[in-house]
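The values are calculated or read from the model by the stated rules, or taken from the named source; none is laboratory data. Predicted model only: the values in this text are computed from it and were never measured. With ideal geometry, Cβ positions are generated from the backbone for all residues, glycine too; neighbour counts draw on all protein chains shown.
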Amino acid sequence: MESAEDWLVESLRLYQDFHAFDLSGATRVLEWIGDKGVCVAGYESLKKNEILHLTLPLRLSVKENQGLFPERDFKVCHGGFSDTPVFDLKHVPDTRVLVTSGLPGRNLRVWQVPEDSDVIRAVGSIAVQEEEGSLWPRMAIFSSMAPGVLHGARLRSLKVVDLESQKTTYSSGVSDSEELSSLQVLDADTFAFCCASGRLGLVDIRQKWAPSENVSPGPGAAGGRWCAEVGHRCQGPGPSIASLGSDGQLCLLDPRDLCHPVSSVRCPVSAPSPDPELLRVTWAPGLDSCLAVSGFDGTVQVYDATSWDGTGSRVEPLFTHRGHIFLEDSQPDAAPLVTTHTWHPHKLRTLLSAASDASLHVWDWAERRAAC
Amino acid sequence: MPEIRVTPLGAGQDVGRSCILVSIGGKNVMLDCGMHMGFNDDRRFPDFSYITRNGRLTDFLDCVIISHFHLDHCGALPYFSEMVGYDGPIYMTHPTQAICPILLEDYRKIAVDKKGEANFFTSQMIKDCMKKVVAVHLHQTVQVDDELEIKAYYAGHVLGAAMFQIKVGSESVVYTGDYNMTPDRHLGAAWIDKCRPNLLITESTYATTIRDSKRCRERDFLKKVHEAVERGGKVLIPVFALGRAQELCILLETFWERMNLKAPIYFSTGLTEKANHYYKLFITWTNQKIRKTFVQRNMFEFKHIKAFDRAFADNPGPMVVFATPGMLHAGQSLQIFRKWAGNEKNMVIMPGYCVQGTVGHKILSGQRKLEMEGRQVLEVKMQVEYMSFSAHADAKGIMQLVGQAEPENVLLVHGEAKKMEFLKQKIEQEFRLLPDAKKPRLLHGTLIMKDSNFRLVSSEQALKELGLAEHQLRFTCRVHLHDPRKEQETALRVYSHLKSVLKDHCVQHLPDGSVTVESILIQAAAHSEDPGTKVLLVSWTYQDEELGSYLTSLLKKGLPQGAT
């Protein structure tokens with residue numbers, strides 16, 4: 001394919017490093033285990049799906065003498081099978097336990113990654129409030145001496161369940177039926193939620209339900225679906241919550257005032273997204289004000305938000321990863337959709353992205369500006 | 001009812017050497033006869049005494065089959081046929097027959113001339129061994145005798161590599177050797193028909209990997225070359241594998257054309273002669289599609305790639321040179337290396353495995369000061385890159401092959417048992433290879449007779465039920481070091497040294513002062529009688545035998561002076 005060859009030559013200039021892999025099944029999940037391993041899982045409904053724990057090629061973990069590490073491959077460290085599609089997977093930190101969620105949404109499954117074998121085994125499940133249709137429970141992990149799983153498909157079904165005893169240690173206790181789009185644990189006592197409507201809230205689980213939230217129907221109003229991510233930046237005040245809408249609107253908010261976004265821009269994407277559930281916005285762990293966005297098409301876009309303002313203006317990405325489009329082997333009609341992406345925990349500009357054609361890329365774009 | 005017995009000689013779960021004995025329908029066939037590249041003593045050869053202690057090997061074996069020319073598959077062949085003694089037929093493809101002796105001779109030279117080994121096969125032995133070879137064509141049924149027949153299938157991987165079907169009556173086994181399921185620029189993908197063998201024996205070294213795409217590996221190569229050339233450096237690419245050099249040349253040529261680059265690219269003269277010979281072999285061996293693309297580029301009519309003259313090495317400015325031999329152990333590539341090593345703008349790209357004792361192996365281990373002839377020390381400032389261009393089947397490839405051949409059973413060799421369970425389940429589920437109550441199977445277990453019933457269970461379960469402990473074999477070795485400092489400091493020195501040398505391994509310094517390399521433990525203790533001497537206790541389990549031995553010999557060489 002001529003265009004693939006062209007793109008590859010272009011890529012020499014665009015990327016420092018670039019790896020492309022073919023999984024046996026597409027994944028919507030990229031969950032880090034430590035900083036050397038990731039978990040992926042299939043989401044097919046008609047056949048068995050694999051859950052894989054992959055170790056990164058050594059050259060992505062070493063700091064010097066990279067040239068002496070010829071291995072560019074992922075190692076399948078552990079693998080398991082799931083009869084149902086997996087839409088989300090979380091690793092319980094400091095343990096060998098994984099929790100998965102998907103359809104049908106009547107329970108979460110708990111898995112064990114053993115030390116003495118390479119088969120990931122299902123060891124139990126956590127019952128959840130059953131929902132009709134295609135709603136499935138979102139999850140986040142409270143990691144502590146006694147880890148707990150925060151889960152729910154709607155605000156009213158939000159609960160925290162102790163992993164070991166299976167007892168419910170927290171309930172939202174509200175009757176609000178708004179659909180959830182993401183959950184994120186911020187510290188031992190707080191979590192953030194984002195509803196599909198764009199409604200955001202920060203909740204302290206030590207108190208009765210009284211989240212600080214934006215009350216208006218979402219920063220973007222007018223329908224569409226939203227997702228959000230809270231950045232883990234330690235430095236100073238300023239926006240640390242990013243909220244992304246399926247029409248391409250991206251808002252940055254300060255947790256102290258969720259009602260008034262600090263900035264609001266429009267991303268140059270083909271809106272609306274063909275599958276808004278796959279929308280994802282993430283903060284770069286090592287770069288100031290850098291965000292990555294995916295879920296609109298076969299690209300991942302990286303933005304530098306340093307000079308954004310609140311006017312809803314169009315912005316241009318700092319970098320766009322087009323690898324999934326150009327390295328696609330089959331028919332040009334079936335353009336792949338990026339299903340998820342994640343940043344490497346400490347390699348500044350390295351990201352992993354997965355697409356609907358079962359491709360998995362690891363890439364590190366070449367630095368052009370000093371700022372990001 | 002078929003009973004097929006498979007015995008890997010020298011461990012089926014040991015990566016490094018292939019040599020498998022198969023007994024089928026009363027016939028005995030040896031599959032591959034590889035050398036273990038990690039050992040320097042007799043452990044590198046398979047243990048042939050298993051086949052017979054007293055009798056002649058020729059009487060016991062009906063034939064030997066060699067899958068391809070890599071040394072871990074054919075390296076022990078001359079030793080086996082001429083020093084242990086075997087006069088029966090040795091089957092391999094034509095290209096393998098042509099290339100094997102070249103590699104064996106190269107290896108012999110390194111072992112004897114460079115490392116001064118004594119008990120090694122001679123050049124004459126290599127020649128005598130090759131006289132026993134019967135070359136076969138792809139898809140040609142060869143009658144070894146009235147009952148035994150074999151057939152070779154295309155395996156990709158390297159020129160001449162084949163997978164073999166061994167058939168006696170209605171029983172058959174397919175052995176894959178090393179194969180590859182994704183085509184590259186000069187080799188196609190492995191292929192086999194739905195021959196439905198009773199057993200498929202497949203290499204599983206890479207079964208638990210998911211391989212980076214060929215395009216990205218090529219991209220990495222181009223990027224490295226381009227960067228070096230842009231900064232005015234010279235790039236040396238030592239090559240043996242003629243096919244690989246071809247592929248890289250085509251790649252560079254395309255890139256140079258597209259980017260309109262001016263720096264010269266050369267290949268050395270030694271390559272030209274071998275390459276023409278190889279080219280002829282290649283053309284008759286390969287399939288139609290590849291033949292067409294290849295014929296367009298008649299070997300040395302590249303626009304940008306010219307023949308090298310040794311004087312060019314001193315020309316100023318950037319250039320790229322492909323030179324033989326591949327491990328930098330002698331000849332032109334070593335000469336060029338010596339000229340260019342001192343300049344940090346230059347680069348050497350090692351495209352494959354290097355045998356211990358060669359300069360290639362040393363620089364890939366991180367050594368930057370090399371002792372050359374006449375005790376001259378060469379400081380290596382040039383950038384050293386190690387790129388793996390070898391093509392092996394990964395998990396996906398194995399599944400594809402199983403799907404093509406439709407075997408009744410699958411045997412995975414060269415992997416660790418604990419790391420194969422997932423793949424085993426995957427294959428079973430995909431192809432429903434679960435036991436059938438009507439078919440007899442050979443299995444190993446423990447018969448427990450208790451009260452008035454019998455049970456056949458796996459040995460692990462029996463141990464558990466009987467409350468018996470499984471015994472793990474552990475080896476300990478003592479290495480004496482002259483070091484008047486405290487144990488903790490010695491341990492720290494050991495840690496720093498091993499960490500810098502063993503880049504591929506996980507080396508840790510534990511809070512109690514001991515050092516671990518993977519699961520091998522090293523502790524420093526003071527010698528009971530001599531305080532100036534420290535005793536290092538190196539301890540490992542049976543599974544870590546290879547690394548344990550290597551570590552011990554490494555530590556016996558002492559620690560670098562002035563290490564912290």
- Within the set of pairs 6 or more residues apart or between chains, which connect a residue that is free of Cβ contacts under 8 Å to residues at least 24 places away in the same chain inside segment A:254-272 to a residue that is surrounded by fewer than 19 Cβ atoms within 10 Å (Cβ to Cβ) and hydrophobic (A, V, I, L, M, F, W, C) with Cβ atoms less than 7 Å apart? A:Asp254/A:Val262
- Message: Looking at segment B:139-158 only, could you name the residues that are in a strand (DSSP E or B), surrounded by fewer than 20 Cβ atoms within 10 Å (Cβ to Cβ) and not charged (D, E, K, R)?
- Response: B:Thr141, B:Val142, B:Gln143
- Query: Can you name the condition, by its number, that B:Ser452 falls short on among (1) free of Cβ contacts under 8 Å to residues at least 12 places away in the same chain; (2) under 30 Å from A:Gln66 (Cα atoms); (3) small (Gly, Ala, Ser)?
  - Reply: (2)
- So, in segment A:100-114, of the ones that are under 21 Å from A:Glu179 (Cα atoms) and not basic (Lys, Arg), which residue ends up surrounded by the fewest Cβ atoms within 10 Å (Cβ to Cβ)? A:Pro104
- Item | Residue check, A:Arg121 touching an Asp or Glu at 6+ places or on another chain (Cβ under 9 Å), within 14 Å of chain B (Cβ to nearest Cβ), in contact (Cβ under 8 Å) with a residue 40 or more places away in the chain and among the basic types (Lys, Arg) | no
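In segment B:302-338, what count of residues is obtained for those that are of a type outside the set (D, E, K, R) and surrounded by fewer than 17 Cβ atoms within 10 Å (Cβ to Cβ)? Walk me through how you get there before you give the answer.
The first filter runs over segment B:302-338 and keeps only residues of a type outside the set (D, E, K, R), leaving B:302, B:304-305, B:307-308, B:311-313, B:315-337.
Cutting the leftovers down to surrounded by fewer than 17 Cβ atoms within 10 Å (Cβ to Cβ) gives us B:307, B:311-312, B:315-317, B:331, B:335.
Total satisfying the criteria: 8.
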- Residue check: is B:Lys224 facing chain A (nearest Cβ under 9 Å), over 22 Å from the mean Cα position of the chain (by Cα) and among the charged types (D, E, K, R)? yes
- Note on the structure: Being exposed (fewer than 15 other Cβ atoms within 10 Å of the Cβ) and touching a residue at least 40 places away in the same chain (Cβ under 8 Å) narrows A:Asp297, A:Asp304, A:Asp275, A:Asp309 down to just A:Asp309
- Task: State which residue is surrounded by the most Cβ atoms within 10 Å (Cβ to Cβ) when the search covers only segment B:230-260 and only residues that are within 12 Å of another protein chain (Cβ to nearest Cβ) and not acidic (Asp, Glu).
- Result: B:Trp256
- Within segment B:319-337, tally of residues that are part of a helix (DSSP H, G or I) and either in contact with a Leu (Cβ under 6 Å, 6 or more places away or on another chain) or without any contact (Cβ under 8 Å) to a residue 60 or more places away in the chain (or both): 4
- Name the residues in segment B:51-98 that are within 19 Å of B:Tyr179 (Cα to Cα), part of a loop (DSSP other than H, G, I, E, B) and touching a strand residue (DSSP E or B) at 6+ places or on another chain (Cβ under 9 Å), would you? B:Ile66, B:Ser67, B:His68, B:Phe69
- Query: Under the condition of being under 16 Å from the mean Cα position of the chain (by Cα) and outside any loop (DSSP other than H, G, I, E, B), which residue from segment A:6-38 is surrounded by the most Cβ atoms within 10 Å (Cβ to Cβ)?
  - Reply: A:Thr27
- Item | Criterion violated by A:Asp94 - all others in (1) in contact with a helix residue (DSSP H, G or I) (Cβ under 8 Å, 6 or more places away or on another chain); (2) on the phi > 0 side of the Ramachandran plot satisfied | (1)
- Condition set of a type outside the set (A, V, I, L, M, F, W, C) and out of contact with any Phe, Trp or Tyr (no Cβ under 8 Å at 6 or more places or on another chain), scope segment A:26-40, selection nearest to the other protein chains (Cβ to nearest Cβ): answer is A:Lys36
- Of all residues in segment A:115-137, how many are assigned to a loop (DSSP other than H, G, I, E, B), out of contact with any Cys (no Cβ under 8 Å at 6 or more places or on another chain) and surrounded by 15 or more Cβ atoms within 10 Å (Cβ to Cβ)? 8
- Message: Take the conditions more than 14 Å from chain B (Cβ to nearest Cβ) and either small (Gly, Ala, Ser) or over 15 Å from A:Leu52 (Cβ atoms) (or both) and apply them to A:Ala127. Does it pass?
- Response: yes
- Message: For segment B:115-137, which positions are in a helix (DSSP H, G or I) and either outside the structural domain of B:Thr58 (by the TED database) or over 21 Å from the mean Cα position of the chain (by Cα) (or both)?
- Response: B:Ser123, B:Gln124, B:Met125, B:Lys127, B:Asp128, B:Cys129, B:Met130
- Message: Which count do you get for residues in segment B:530-564 that are modelled with pLDDT under 80, on the phi < 0 side of the Ramachandran plot and over 27 Å from the mean Cα position of the chain (by Cα)?
- Response: 4
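Matching residues to (1) at pLDDT 90 or above; (2) not hydrophobic (A, V, I, L, M, F, W, C):
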| residue | (1), (2) |
| --- | --- |
| A:Gln249 | yes, yes |
| A:Arg266 | yes, yes |
| A:Ser289 | no, yes |
| A:Ala292 | yes, no |
| A:Gly298 | yes, yes |
| A:Val302 | yes, no |
- Query: Restricting the first residue to segment B:379-394 and requiring it to be within 30 Å of A:Asp22 (Cβ to Cβ) and more than 9 Å from chain A (Cβ to nearest Cβ), which pairs with a second residue that is in a loop (DSSP other than H, G, I, E, B) and hydrophobic (A, V, I, L, M, F, W, C) meet a Cβ separation below 6 Å and a spacing of at least six or different chains?
  - Reply: B:Ala393/B:Met181
- Query: Does A:Ser82 fit the bill of being within 14 Å of chain B (Cβ to nearest Cβ), polar (S, T, N, Q) and surrounded by 21 or more Cβ atoms within 10 Å (Cβ to Cβ)?
  - Reply: yes
- Message: For the structure I just gave you, tell me whether A:Gly152 is more than 14 Å from chain B (Cβ to nearest Cβ) and over 21 Å from A:Trp32 (Cβ atoms).
- Response: yes
- Message: Can you tell me which of (1) of a type outside the set (Gly, Ala, Ser); (2) within 11 Å of another protein chain (Cβ to nearest Cβ); (3) free of Cβ contacts under 8 Å to residues at least 60 places away in the same chain is the one A:Leu108 doesn't meet?
- Response: (2)
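Yes or no, residue by residue, for (1) in the same structural domain as A:Ile126 (by TED's automatic domain parsing); (2) under 30 Å from B:His361 (Cβ atoms); (3) more than 16 Å from the chain's Cα centre (by Cα):
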site	(1), (2), (3)
A:Thr55	yes, yes, yes
A:Arg59	yes, yes, yes
A:Cys77	yes, yes, yes
A:Phe87	yes, no, no
A:Thr95	yes, no, yes
- Evaluate segment A:11-24: report whether one residue or more is within 11 Å of chain B (Cβ to nearest Cβ), among the hydroxyl-bearing types (Ser, Thr, Tyr) and touching a Phe, Trp or Tyr at 6+ places or on another chain (Cβ under 9 Å). yes
- Message: Give me the residue from segment A:41-74 that is more than 10 Å from chain B (Cβ to nearest Cβ), out of contact with any Gly (no Cβ under 6 Å at 6 or more places or on another chain) and of a type in the set (S, T, N, Q) and, out of that set, nearest to A:Lys347 (Cα to Cα).
- Response: A:Ser61
